[in-house]
1. For the range 19-48, how many residues are hydrophobic (A, V, I, L, M, F, W, C) and in contact (Cβ under 8 Å) with a residue 60 or more places away in the chain?
2. Any chance you could count how many residues in the range 51-107 are part of a helix (DSSP H, G or I), among the basic types (K, R) and free of Cβ contacts under 8 Å to residues at least 40 places away in the same chain?
3. (1) within 11 Å of the chain's Cα centre (by Cα); (2) surrounded by fewer than 16 Cβ atoms within 10 Å (Cβ to Cβ): which one isn't true of F18, the others all being true?
4. Could you tell me how many of the residues in the range 22-74 are more than 20 Å from L88 (Cβ to Cβ), surrounded by 12 or more Cβ atoms within 10 Å (Cβ to Cβ) and among the hydrophobic types (A, V, I, L, M, F, W, C)?
Amino acid sequence: MPANRRSPCPVACTLDIFGDKWTLLVKRDMLLGRTQFTEFSDSPEKIATNILSDRLSKLVEHGLAERHRSDESAGRVSYTLTSKGKSLKPVLRAVANWGLKNFEGTEARLTPK
């Protein structure tokens, strides 16, 4: 077992990567087509920029996202999901559907770019 894992449990290993309250929201935004740092920071949840930087680095480190030079803006970077990152789409969809079913007043209002 790699030294950076708490246990061989797949739930624990998965939560070590995106078990905080911000990482899945960044992944949600990436699945919706957002690629720029400013697009992520403009999400309705208002993630702090230092936390956003950390979570983006974590997603890249674990192979869920890639960092590229931006085609749109010189000197900036963009982030895209890897196939590993895209494979989380059904998980996020299940979490969203569960929330819609169990929390009155919730709505899936964010749409792809």
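Bear in mind that the values in this text are calculations on the coordinates, not laboratory data. Everything quoted here is computed from the prediction, not taken from an experiment. When we count neighbours, we look across all protein chains shown, and the Cβ atoms used for this are built from the backbone with ideal geometry, even at glycine.
1. 3
2. Kept after step one, since they are part of a helix (DSSP H, G or I), are these residues of the range 51-107: 51-61, 83-86, 89-102.
Right, trim to among the basic types (K, R) and you get 55, 58, 84, 86, 89, 93, 101.
So of that shortlist, the ones also free of Cβ contacts under 8 Å to residues at least 40 places away in the same chain come out as 55, 84, 93, 101.
Total meeting the criteria: 4.
3. (2) is the only condition that F18 fails.
4. 1
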